[in-house]
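Colleague: Sharing a structure, written as structure tokens. Questions coming.
The values are calculated or read from the model by the stated rules, or taken from the named source; none is laboratory data. Note that this is a predicted model, so its numbers are computed, not measured. Counting neighbours? That spans all protein chains shown, and the Cβs are built from the backbone with ideal geometry, glycine included.
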Amino acid sequence: MILTPNILARLVAILVGGVILQLTFFSRVALFHVSPDLLPALVVVLGLLGGSLTGAVCGFSAGFLLDCLLIVPLGGGSLVLLAVGYLAGLFRERFEIHSPLVPPLLCMGLTLFAELGFGAVELMLGLDAPVSTLVIRDILLKSIFAFFGGWAIYVGARRALRPALVEEPMARRRRRPSWSGA
């Protein structure tokens, strides 16, 4: 991703909008008694589009803003989302995305990782949290919600950041043979 001041402004707007939407809308919606957590999916998409450095910085920024707005101990959300963004960007740098199912599947898998990470950080910080089998159900449902939300997030972020994206390799494009009439 080519970072210009315009693209940085778009990234900041996407991150701030995502955090605000998560806190004001998605935290109040309950599907199967579980509210979707689409912030890890947003960080995964930004990591897939921008690479490991962009994903890590976006993850840290989103997590720090989330921690500040929720008035929780700083650093827990930042650390988890930093790891999620870095892993998504690392996947982009190491492998090619051949299937349209790859971004939503990565959103699902890394959201599962993030939810487990959030739980581990809360346990390490000594925060009292009830532990039951319903927690596993909630984590799995949030991952499934991230799969379906990942489609829309990927399309929207790709469209918003299109001027900054590096061209895909020529091998992936289909070339039509030029027919010269004679």
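Colleague: Would you check if there is a residue in segment 58-73 being part of a helix (DSSP H, G or I), more than 22 Å from Gly119 (Cα to Cα), at pLDDT 90 or above and of a type in the set (S, T, N, Q)?
Modeller: No, every residue in segment 58-73 fails to be part of a helix (DSSP H, G or I), more than 22 Å from Gly119 (Cα to Cα), at pLDDT 90 or above and of a type in the set (S, T, N, Q).
Colleague: Looking for whichever is under 26 Å from Ala160 (Cα atoms) and either acidic (Asp, Glu) or touching a helix residue (DSSP H, G or I) at 6+ places or on another chain (Cβ under 6 Å) (or both) here; the options are Gly47, Gly117, Gly76, Gly109. Which one fits?
Modeller: Gly47
Colleague: A further question follows. If you take the residues in segment 1-25 that are surrounded by 12 or more Cβ atoms within 10 Å (Cβ to Cβ) and β-branched (Val, Ile, Thr), which one is farthest from Leu69 (Cα to Cα)?
Modeller: My answer is Ile7.
Colleague: Hey, does segment 44-52 have a residue that's surrounded by fewer than 13 Cβ atoms within 10 Å (Cβ to Cβ) and not in a helix (DSSP H, G or I)?
Modeller: No, every residue in segment 44-52 fails to be surrounded by fewer than 13 Cβ atoms within 10 Å (Cβ to Cβ) and not in a helix (DSSP H, G or I).
Colleague: Pick from Val102, Val155: which is over 26 Å from Ala30 (Cα atoms), out of contact with any strand residue (DSSP E or B) (no Cβ under 6 Å at 6 or more places or on another chain) and at pLDDT 90 or above?
Modeller: On inspection, the qualifying residue turns out to be Val102.
Colleague: For Phe25, state whether it is more than 17 Å from the chain's Cα centre (by Cα) and in a helix (DSSP H, G or I).
Modeller: yes
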